[in-house]
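Just below is one structure, and these are the notes that go with it.
The values are calculated or read from the model by the stated rules, or taken from the named source; none is laboratory data. Source: prediction; values computed, not measured. FYI the Cβ positions are ideal-geometry reconstructions off the backbone, even for glycines, and counts take in every protein chain you see.
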Amino acid sequence: MDDKYKNEFGVFAERPKVEKKIYDGKYIFLGLIIFFAVVTSPLWQNLGKAIPAPVPKLDTPAIQKLAEKDRKCVQPLAFMRANHMQLLDTWRTEVVRGGNRDFVGPGGVKYTASLQNTCLDCHSNKAQFCDQCHNYVAVTPTCWGCHLDMTQKLAEAK
Amino acid sequence: MSINRREFIRIAGLSTLVGLGGKTAWELLLPGQVEAQLLPKANALAAKRWAMVVDMKKLDEATAKKCIDICHKVHNVPNLAVPNDPKVKMDPADVNRWQIKWIWSDHYHNAFPGQEHEYVQDRVQAMPFLLLCNQCNNPPCVRVCPTQATFRREDGIVMMDMHRCIGCRYCMAGCPYGSRSFNWRDPRPFIKQENPTYPTREKGVVEKCDFCAERLAKGQMPACVEVAGGALVFGDLGDAKSKVRETLKANFTIRRKPELGSNPQVYYIV
(Lines give C-alpha, C1' and ligand atoms only; values in the text may rest on other atoms or scores of the structure.)
Protein backbone atom coordinates (compact mmCIF):
# COMPACT_ATOMS: atom_id res chain seq x y z
CA MET A 1 0.00 0.00 0.00
CA ASP A 2 2.83 2.35 0.94
CA ASP A 3 4.64 2.20 -2.34
CA LYS A 4 1.39 3.01 -4.21
CA TYR A 5 1.55 6.46 -5.69
CA LYS A 6 -1.45 8.78 -5.25
CA ASN A 7 -2.28 12.07 -6.84
CA GLU A 8 -5.46 14.04 -7.62
CA PHE A 9 -6.22 11.83 -10.62
CA GLY A 10 -6.29 8.55 -8.67
CA VAL A 11 -4.12 5.82 -7.17
CA PHE A 12 -1.40 4.32 -9.33
CA ALA A 13 0.64 1.18 -8.98
CA GLU A 14 3.97 2.90 -8.96
CA ARG A 15 5.53 6.32 -9.11
CA PRO A 16 6.04 7.76 -12.57
CA LYS A 17 9.65 7.50 -13.49
CA VAL A 18 11.17 10.91 -13.92
CA GLU A 19 14.77 11.19 -14.72
CA LYS A 20 16.58 13.19 -12.01
CA LYS A 21 18.63 15.58 -14.04
CA ILE A 22 19.20 19.29 -14.49
CA TYR A 23 18.70 20.12 -18.11
CA ASP A 24 21.37 22.41 -19.55
CA GLY A 25 23.17 22.14 -16.24
CA LYS A 26 26.54 23.17 -17.53
CA TYR A 27 25.21 26.41 -18.96
CA ILE A 28 23.30 27.19 -15.80
CA PHE A 29 26.26 26.58 -13.50
CA LEU A 30 28.66 28.37 -15.78
CA GLY A 31 26.24 31.31 -15.80
CA LEU A 32 25.97 31.27 -12.03
CA ILE A 33 29.73 31.20 -11.60
CA ILE A 34 30.16 34.13 -13.96
CA PHE A 35 27.35 36.02 -12.21
CA PHE A 36 28.91 35.62 -8.76
CA ALA A 37 32.34 36.44 -10.07
CA VAL A 38 31.05 39.70 -11.54
CA VAL A 39 28.98 40.62 -8.51
CA THR A 40 31.80 40.01 -6.06
CA SER A 41 34.54 41.40 -8.28
CA PRO A 42 34.79 44.71 -6.34
CA LEU A 43 35.47 42.69 -3.21
CA TRP A 44 38.28 40.74 -4.87
CA GLN A 45 39.70 43.83 -6.44
CA ASN A 46 39.96 45.69 -3.15
CA LEU A 47 41.06 42.69 -1.12
CA GLY A 48 44.04 43.57 0.99
CA LYS A 49 44.10 47.17 -0.17
CA ALA A 50 43.40 49.85 2.40
CA ILE A 51 41.73 53.02 1.10
CA PRO A 52 43.48 55.92 2.80
CA ALA A 53 41.33 57.83 5.27
CA PRO A 54 40.64 61.43 4.25
CA VAL A 55 42.86 64.12 5.70
CA PRO A 56 40.98 67.41 5.73
CA LYS A 57 43.44 70.28 5.45
CA LEU A 58 43.34 73.54 7.37
CA ASP A 59 45.77 75.44 5.17
CA THR A 60 43.30 77.90 3.62
CA PRO A 61 44.39 81.53 3.26
CA ALA A 62 41.84 82.72 5.83
CA ILE A 63 43.13 80.31 8.46
CA GLN A 64 46.78 81.01 7.60
CA LYS A 65 46.17 84.68 8.24
CA LEU A 66 45.02 84.05 11.81
CA ALA A 67 47.47 84.02 14.68
CA GLU A 68 48.26 80.56 16.04
CA LYS A 69 46.16 81.01 19.18
CA ASP A 70 43.16 82.30 17.22
CA ARG A 71 42.98 79.24 15.02
CA LYS A 72 39.93 77.81 16.72
CA CYS A 73 36.65 76.56 15.37
CA VAL A 74 33.32 77.55 16.92
CA GLN A 75 33.55 74.48 19.13
CA PRO A 76 36.42 72.18 20.18
CA LEU A 77 37.85 69.95 17.48
CA ALA A 78 36.56 66.68 18.95
CA PHE A 79 33.03 68.05 19.21
CA MET A 80 33.08 69.39 15.67
CA ARG A 81 34.45 66.17 14.27
CA ALA A 82 31.67 64.11 15.82
CA ASN A 83 28.77 66.55 15.92
CA HIS A 84 29.15 69.20 13.20
CA MET A 85 25.99 67.97 11.52
CA GLN A 86 23.93 68.37 14.68
CA LEU A 87 25.44 71.79 15.22
CA LEU A 88 24.54 72.89 11.68
CA ASP A 89 21.06 71.44 12.04
CA THR A 90 20.51 73.41 15.24
CA TRP A 91 21.91 76.52 13.61
CA ARG A 92 19.53 76.34 10.67
CA THR A 93 16.50 75.83 12.90
CA GLU A 94 17.48 78.57 15.33
CA VAL A 95 18.38 81.02 12.59
CA VAL A 96 15.41 80.51 10.30
CA ARG A 97 12.70 79.68 12.77
CA GLY A 98 13.97 81.35 15.91
CA GLY A 99 15.72 84.38 14.44
CA ASN A 100 18.75 83.75 16.65
CA ARG A 101 21.72 84.41 14.45
CA ASP A 102 24.56 84.76 16.95
CA PHE A 103 26.32 81.67 18.24
CA VAL A 104 28.21 82.01 21.50
CA GLY A 105 31.26 79.78 21.37
CA PRO A 106 33.61 78.79 24.19
CA GLY A 107 34.95 81.79 26.05
CA GLY A 108 31.96 83.93 25.02
CA VAL A 109 33.21 84.54 21.48
CA LYS A 110 30.27 85.36 19.16
CA TYR A 111 29.99 83.95 15.68
CA THR A 112 27.34 84.53 13.04
CA ALA A 113 25.55 81.21 12.72
CA SER A 114 25.88 80.69 8.98
CA LEU A 115 27.26 77.85 6.92
CA GLN A 116 27.73 79.95 3.82
CA ASN A 117 29.17 83.02 5.53
CA THR A 118 30.97 81.79 8.64
CA CYS A 119 32.05 78.18 8.03
CA LEU A 120 33.10 78.71 4.42
CA ASP A 121 34.91 81.94 5.24
CA CYS A 122 37.61 79.95 6.98
CA HIS A 123 37.12 76.60 5.30
CA SER A 124 37.21 77.96 1.79
CA ASN A 125 38.40 74.58 0.53
CA LYS A 126 34.99 72.94 0.40
CA ALA A 127 36.03 70.17 -2.01
CA GLN A 128 38.97 69.24 0.16
CA PHE A 129 37.48 69.91 3.57
CA CYS A 130 33.82 68.88 3.23
CA ASP A 131 33.41 66.72 0.17
CA GLN A 132 36.40 64.50 0.74
CA CYS A 133 35.09 63.01 3.99
CA HIS A 134 31.48 62.97 2.81
CA ASN A 135 32.52 60.97 -0.24
CA TYR A 136 34.60 58.63 1.89
CA VAL A 137 31.64 57.75 4.11
CA ALA A 138 29.20 57.95 1.18
CA VAL A 139 26.91 60.65 2.51
CA THR A 140 25.47 63.39 0.34
CA PRO A 141 24.35 66.34 2.45
CA THR A 142 21.78 68.50 0.68
CA CYS A 143 23.31 71.79 1.88
CA TRP A 144 24.85 72.72 -1.45
CA GLY A 145 21.61 72.59 -3.40
CA CYS A 146 20.93 76.10 -2.11
CA HIS A 147 23.97 77.30 -0.19
CA LEU A 148 26.56 78.72 -2.50
CA ASP A 149 30.18 77.74 -2.47
CA MET A 150 31.62 80.83 -4.07
CA THR A 151 35.20 80.09 -3.17
CA GLN A 152 35.63 77.75 -6.10
CA LYS A 153 34.25 80.29 -8.54
CA LEU A 154 36.45 83.02 -7.13
CA ALA A 155 39.47 80.77 -7.54
CA GLU A 156 38.52 80.05 -11.14
CA ALA A 157 38.12 83.74 -11.84
CA LYS A 158 41.59 84.45 -10.51
CA MET B 1 12.84 31.49 42.60
CA SER B 2 9.45 32.97 41.88
CA ILE B 3 8.25 36.52 42.00
CA ASN B 4 4.78 37.68 42.88
CA ARG B 5 2.92 40.52 41.20
CA ARG B 6 3.48 43.03 43.99
CA GLU B 7 7.23 42.36 43.88
CA PHE B 8 7.33 42.71 40.11
CA ILE B 9 5.54 46.06 40.11
CA ARG B 10 7.83 47.37 42.83
CA ILE B 11 10.97 46.43 40.93
CA ALA B 12 9.58 47.83 37.67
CA GLY B 13 8.68 51.11 39.34
CA LEU B 14 12.06 51.44 41.03
CA SER B 15 13.94 50.75 37.82
CA THR B 16 11.86 53.38 36.01
CA LEU B 17 12.81 55.90 38.67
CA VAL B 18 16.47 54.99 38.37
CA GLY B 19 16.20 55.25 34.58
CA LEU B 20 14.62 58.70 34.75
CA GLY B 21 17.31 59.90 37.10
CA GLY B 22 20.07 58.68 34.81
CA LYS B 23 22.40 61.10 33.09
CA THR B 24 21.24 60.28 29.59
CA ALA B 25 17.60 60.82 30.50
CA TRP B 26 18.36 64.25 31.92
CA GLU B 27 20.23 65.15 28.79
CA LEU B 28 17.27 64.06 26.69
CA LEU B 29 14.78 66.10 28.68
CA LEU B 30 16.86 69.24 29.17
CA PRO B 31 17.23 71.71 26.29
CA GLY B 32 20.36 71.03 24.29
CA GLN B 33 23.54 72.84 25.11
CA VAL B 34 23.96 74.08 21.56
CA GLU B 35 20.45 75.58 21.33
CA ALA B 36 21.08 77.61 24.45
CA GLN B 37 24.14 79.13 22.80
CA LEU B 38 22.22 80.92 20.06
CA LEU B 39 21.03 84.48 20.57
CA PRO B 40 19.64 87.27 18.40
CA LYS B 41 22.28 89.73 17.20
CA ALA B 42 22.82 92.73 19.43
CA ASN B 43 22.04 95.26 16.67
CA ALA B 44 19.05 93.36 15.24
CA LEU B 45 15.97 95.43 14.50
CA ALA B 46 13.00 94.21 16.50
CA ALA B 47 9.35 95.12 16.32
CA LYS B 48 5.95 94.12 17.57
CA ARG B 49 4.53 94.14 14.07
CA TRP B 50 6.47 95.00 10.95
CA ALA B 51 4.51 96.75 8.21
CA MET B 52 5.13 98.73 5.04
CA VAL B 53 3.49 101.74 3.45
CA VAL B 54 3.94 102.22 -0.29
CA ASP B 55 3.56 105.88 -1.14
CA MET B 56 2.45 105.81 -4.76
CA LYS B 57 2.60 109.60 -4.92
CA LYS B 58 6.37 109.42 -4.57
CA LEU B 59 6.98 106.17 -6.40
CA ASP B 60 7.70 106.46 -10.09
CA GLU B 61 8.57 103.84 -12.67
CA ALA B 62 12.32 104.28 -12.23
CA THR B 63 12.20 103.93 -8.45
CA ALA B 64 9.99 100.86 -8.73
CA LYS B 65 12.50 99.29 -11.07
CA LYS B 66 15.34 100.14 -8.71
CA CYS B 67 13.50 98.43 -5.84
CA ILE B 68 12.82 95.32 -7.91
CA ASP B 69 16.38 95.12 -9.19
CA ILE B 70 18.05 95.48 -5.81
CA CYS B 71 15.73 92.89 -4.25
CA HIS B 72 16.40 90.35 -6.97
CA LYS B 73 20.11 91.00 -6.80
CA VAL B 74 20.35 90.69 -3.02
CA HIS B 75 18.25 87.54 -2.81
CA ASN B 76 19.57 85.68 -5.86
CA VAL B 77 16.16 85.76 -7.51
CA PRO B 78 16.37 84.01 -10.87
CA ASN B 79 14.59 84.99 -14.06
CA LEU B 80 13.10 81.66 -15.07
CA ALA B 81 10.78 83.17 -17.67
CA VAL B 82 13.18 82.70 -20.56
CA PRO B 83 12.45 80.36 -23.45
CA ASN B 84 14.63 77.31 -23.96
CA ASP B 85 15.18 78.39 -27.52
CA PRO B 86 16.11 82.10 -27.56
CA LYS B 87 14.56 82.55 -31.00
CA VAL B 88 11.09 81.52 -29.86
CA LYS B 89 8.99 84.15 -28.13
CA MET B 90 7.52 82.96 -24.88
CA ASP B 91 3.78 82.66 -24.41
CA PRO B 92 2.61 85.38 -21.95
CA ALA B 93 0.79 82.68 -19.98
CA ASP B 94 4.05 80.76 -19.67
CA VAL B 95 5.91 83.90 -18.63
CA ASN B 96 3.33 84.32 -15.89
CA ARG B 97 3.75 80.72 -14.81
CA TRP B 98 7.54 80.62 -14.86
CA GLN B 99 8.56 83.97 -13.44
CA ILE B 100 9.80 84.27 -9.86
CA LYS B 101 8.30 87.24 -8.06
CA TRP B 102 9.48 88.71 -4.78
CA ILE B 103 8.57 92.27 -5.61
CA TRP B 104 7.02 93.38 -8.88
CA SER B 105 4.84 96.10 -10.31
CA ASP B 106 1.41 95.93 -11.88
CA HIS B 107 -1.52 98.12 -12.95
CA TYR B 108 -4.23 99.37 -10.65
CA HIS B 109 -6.87 97.00 -12.02
CA ASN B 110 -4.67 94.01 -11.31
CA ALA B 111 -3.42 95.22 -7.95
CA PHE B 112 -6.83 96.21 -6.59
CA PRO B 113 -9.44 94.10 -8.38
CA GLY B 114 -12.96 94.98 -7.30
CA GLN B 115 -12.05 98.60 -6.77
CA GLU B 116 -11.32 99.36 -10.41
CA HIS B 117 -13.89 100.81 -12.78
CA GLU B 118 -13.97 102.20 -16.29
CA TYR B 119 -13.36 105.80 -15.33
CA VAL B 120 -10.43 105.53 -12.95
CA GLN B 121 -8.27 108.64 -12.85
CA ASP B 122 -5.52 108.63 -15.49
CA ARG B 123 -2.91 109.31 -12.84
CA VAL B 124 -3.87 106.12 -10.99
CA GLN B 125 -4.15 104.11 -14.20
CA ALA B 126 -0.56 104.92 -15.02
CA MET B 127 0.89 104.10 -11.60
CA PRO B 128 3.30 101.16 -11.36
CA PHE B 129 1.92 99.68 -8.14
CA LEU B 130 4.74 97.98 -6.31
CA LEU B 131 3.48 94.60 -5.12
CA LEU B 132 5.08 92.20 -2.70
CA CYS B 133 4.13 89.65 -0.06
CA ASN B 134 1.60 91.37 2.21
CA GLN B 135 2.88 89.60 5.35
CA CYS B 136 -0.75 89.03 6.36
CA ASN B 137 -1.85 88.94 9.94
CA ASN B 138 -4.04 85.98 9.05
CA PRO B 139 -1.93 84.35 6.36
CA PRO B 140 -3.73 81.69 4.31
CA CYS B 141 -0.41 80.29 3.11
CA VAL B 142 0.61 79.43 6.66
CA ARG B 143 -2.69 77.69 7.29
CA VAL B 144 -2.38 75.40 4.30
CA CYS B 145 1.31 74.54 4.53
CA PRO B 146 1.50 70.83 5.41
CA THR B 147 5.08 70.94 6.69
CA GLN B 148 5.04 74.29 8.48
CA ALA B 149 7.72 75.45 6.08
CA THR B 150 5.82 78.72 5.95
CA PHE B 151 5.19 80.18 9.37
CA ARG B 152 4.37 83.47 11.00
CA ARG B 153 6.99 85.01 13.24
CA GLU B 154 6.13 86.84 16.46
CA ASP B 155 6.87 90.14 14.73
CA GLY B 156 4.39 89.40 11.94
CA ILE B 157 6.81 88.40 9.20
CA VAL B 158 5.55 85.44 7.22
CA MET B 159 8.74 83.50 6.84
CA MET B 160 9.77 80.52 4.74
CA ASP B 161 11.96 77.70 5.95
CA MET B 162 13.37 76.44 2.66
CA HIS B 163 14.77 73.40 4.42
CA ARG B 164 11.24 72.18 4.98
CA CYS B 165 9.51 73.12 1.73
CA ILE B 166 8.38 70.06 -0.20
CA GLY B 167 7.07 72.04 -3.16
CA CYS B 168 3.43 71.04 -2.86
CA ARG B 169 2.34 74.58 -3.87
CA TYR B 170 -0.66 74.67 -1.54
CA CYS B 171 0.56 78.07 -0.37
CA MET B 172 0.48 79.36 -3.93
CA ALA B 173 -3.13 78.25 -4.22
CA GLY B 174 -3.86 79.82 -0.85
CA CYS B 175 -2.21 83.19 -1.44
CA PRO B 176 -4.73 85.66 -2.92
CA TYR B 177 -1.99 88.07 -4.03
CA GLY B 178 0.15 85.87 -6.27
CA SER B 179 3.09 86.64 -4.03
CA ARG B 180 4.54 83.15 -4.22
CA SER B 181 6.49 81.57 -7.02
CA PHE B 182 7.59 78.05 -7.75
CA ASN B 183 10.98 77.01 -9.04
CA TRP B 184 10.04 74.93 -12.04
CA ARG B 185 13.68 74.47 -12.94
CA ASP B 186 17.06 74.70 -11.27
CA PRO B 187 17.33 78.44 -10.63
CA ARG B 188 21.14 78.66 -10.50
CA PRO B 189 21.82 79.12 -14.23
CA PHE B 190 19.18 81.87 -14.37
CA ILE B 191 20.69 84.14 -11.73
CA LYS B 192 22.43 87.08 -13.34
CA GLN B 193 25.00 87.61 -10.63
CA GLU B 194 25.06 85.51 -7.50
CA ASN B 195 25.21 87.25 -4.15
CA PRO B 196 27.73 85.09 -2.29
CA THR B 197 26.31 85.89 1.15
CA TYR B 198 22.77 84.69 0.45
CA PRO B 199 21.68 81.18 -0.58
CA THR B 200 19.89 80.40 -3.80
CA ARG B 201 16.89 78.11 -4.01
CA GLU B 202 16.58 74.65 -5.43
CA LYS B 203 14.35 73.22 -8.11
CA GLY B 204 10.98 72.36 -6.58
CA VAL B 205 10.60 74.91 -3.79
CA VAL B 206 8.36 77.94 -3.43
CA GLU B 207 9.82 81.34 -2.61
CA LYS B 208 8.62 84.82 -1.72
CA CYS B 209 9.51 88.11 -0.05
CA ASP B 210 10.17 87.96 3.69
CA PHE B 211 10.66 91.67 4.44
CA CYS B 212 14.43 91.01 4.29
CA ALA B 213 14.46 89.09 7.56
CA GLU B 214 18.18 88.45 7.10
CA ARG B 215 18.86 92.20 6.84
CA LEU B 216 16.64 93.13 9.80
CA ALA B 217 18.62 90.61 11.85
CA LYS B 218 21.78 92.58 11.02
CA GLY B 219 20.21 95.93 11.85
CA GLN B 220 19.57 96.96 8.24
CA MET B 221 16.32 98.09 6.63
CA PRO B 222 14.87 95.99 3.79
CA ALA B 223 16.79 96.42 0.55
CA CYS B 224 13.88 97.95 -1.37
CA VAL B 225 13.20 100.49 1.40
CA GLU B 226 16.83 101.60 1.31
CA VAL B 227 16.81 102.43 -2.39
CA ALA B 228 13.23 103.77 -2.60
CA GLY B 229 14.15 107.24 -1.38
CA GLY B 230 11.19 107.64 0.96
CA ALA B 231 8.57 106.09 -1.30
CA LEU B 232 8.52 102.99 0.88
CA VAL B 233 8.01 103.45 4.61
CA PHE B 234 8.87 100.49 6.79
CA GLY B 235 8.51 100.16 10.53
CA ASP B 236 6.80 98.93 13.63
CA LEU B 237 3.01 99.17 13.89
CA GLY B 238 3.27 98.46 17.61
CA ASP B 239 5.11 101.72 18.18
CA ALA B 240 2.71 104.71 18.00
CA LYS B 241 5.58 107.08 17.24
CA SER B 242 7.04 105.05 14.39
CA LYS B 243 7.17 106.49 10.89
CA VAL B 244 4.72 103.91 9.56
CA ARG B 245 2.13 104.77 12.15
CA GLU B 246 2.55 108.49 11.52
CA THR B 247 2.30 107.99 7.77
CA LEU B 248 -0.83 105.89 8.21
CA LYS B 249 -2.32 108.52 10.48
CA ALA B 250 -1.61 111.37 8.10
CA ASN B 251 -2.75 109.70 4.87
CA PHE B 252 -5.66 107.76 3.49
CA THR B 253 -4.41 104.29 2.62
CA ILE B 254 -5.83 101.24 0.91
CA ARG B 255 -4.84 97.59 1.08
CA ARG B 256 -5.07 94.78 -1.44
CA LYS B 257 -8.19 92.61 -1.16
CA PRO B 258 -8.85 93.32 2.53
CA GLU B 259 -12.34 91.84 2.14
CA LEU B 260 -10.80 88.35 2.08
CA GLY B 261 -9.92 88.59 5.75
CA SER B 262 -6.22 87.87 5.39
CA ASN B 263 -5.46 91.25 6.99
CA PRO B 264 -2.59 92.34 4.72
CA GLN B 265 0.04 94.61 6.22
CA VAL B 266 1.26 96.48 3.14
CA TYR B 267 -0.57 99.78 2.81
CA TYR B 268 -0.85 101.98 -0.29
CA ILE B 269 -1.16 105.75 -0.48
CA VAL B 270 -2.75 106.49 -3.85
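Kindly check whether there is at least one residue in the range B:234-256 that is under 27 Å from B:A62 (Cα atoms), touching a helix residue (DSSP H, G or I) at 6+ places or on another chain (Cβ under 7 Å), in contact (Cβ under 8 Å) with a residue 60 or more places away in the chain and in a helix (DSSP H, G or I).
Among the residues of the range B:234-256, not one is under 27 Å from B:A62 (Cα atoms), touching a helix residue (DSSP H, G or I) at 6+ places or on another chain (Cβ under 7 Å), in contact (Cβ under 8 Å) with a residue 60 or more places away in the chain and in a helix (DSSP H, G or I), which makes the answer no.
Among the residues of the range B:142-168, which ones are farther than 23 Å from B:G238 by Cβ, buried (at least 19 other Cβ atoms within 10 Å of the Cβ) and not aliphatic (A, V, I, L, M)?
B:C145, B:C165
Could you tell me whether the range B:224-232 includes any residue that is farther than 15 Å from B:A51 by Cα and within 14 Å of chain A (Cβ to nearest Cβ)?
no
Provide a single number: the residues in the range A:135-150 that are more than 12 Å from chain B (Cβ to nearest Cβ) and within 25 Å of B:V205 (Cα to Cα).
The number of residues fulfilling the criteria is 2.
Looking at (1) buried (at least 19 other Cβ atoms within 10 Å of the Cβ); (2) at pLDDT 90 or above, find the lone condition where B:A62 falls short.
So the condition that B:A62 fails would be (1).
Among what's in the range B:102-137 and is free of Cβ contacts under 8 Å to residues at least 40 places away in the same chain and hydrophobic (A, V, I, L, M, F, W, C), pick the residue that is farthest from B:C71 (Cα to Cα).
Step by step, filter the range B:102-137, then rank; the result is B:V120.
Note down all Cβ pairs under 9 Å where the first residue falls in the range A:95-107 and is more than 7 Å from chain B (Cβ to nearest Cβ) and touching a residue at least 60 places away in the same chain (Cβ under 8 Å), the second is surrounded by 21 or more Cβ atoms within 10 Å (Cβ to Cβ) and in a helix (DSSP H, G or I), and they're at least six residues apart or on different chains.
none
Look at A:T140 and say whether it is closer than 24 Å to B:F151 by Cβ and hydroxyl-bearing (S, T, Y).
no
Looking at (1) hydrophobic (A, V, I, L, M, F, W, C); (2) assigned to a helix (DSSP H, G or I); (3) under 30 Å from B:N76 (Cβ atoms), which is the only condition A:A82 fails?
(3)
For the structure I just gave you, tell me whether B:P196 is in contact with a Phe, Trp or Tyr (Cβ under 7 Å, 6 or more places away or on another chain) and farther than 26 Å from B:A111 by Cβ.
No; evaluated as a whole, the condition is false for this residue.
Pairs please, first residue from the range B:6-33 and at pLDDT 70 or above, second anywhere and surrounded by 10 or more Cβ atoms within 10 Å (Cβ to Cβ) and hydrophobic (A, V, I, L, M, F, W, C), Cβ atoms under 9 Å, 6+ apart in sequence or on different chains.
Correct list of pairs: B:G19/B:A25; B:L20/B:W26.
If you go through the range B:213-243, how many residues are crowded, with 22+ Cβ neighbours inside 10 Å and touching a Gly at 6+ places or on another chain (Cβ under 7 Å)?
Residues flagged as crowded, with 22+ Cβ neighbours inside 10 Å and touching a Gly at 6+ places or on another chain (Cβ under 7 Å) within the range B:213-243 amount to 0.
One residue is enough: does the range B:71-86 have a residue meeting the conditions touching a residue at least 60 places away in the same chain (Cβ under 8 Å), among the β-branched types (V, I, T) and within 11 Å of B:W102 (Cβ to Cβ)?
yes
If you check A:A113, A:A82, which single one turns out to be modelled with pLDDT of 90 or more, in the same structural domain as A:T142 (by TED's automatic domain parsing) and out of contact with any helix residue (DSSP H, G or I) (no Cβ under 6 Å at 6 or more places or on another chain)?
Checking each option against the conditions leaves just A:A82.
Might you check whether a residue that is more than 14 Å from chain A (Cβ to nearest Cβ), over 30 Å from B:N84 (Cα atoms), surrounded by fewer than 17 Cβ atoms within 10 Å (Cβ to Cβ) and touching a residue at least 60 places away in the same chain (Cβ under 8 Å) occurs anywhere in the range B:182-192?
The answer is no; no qualifying residue exists.
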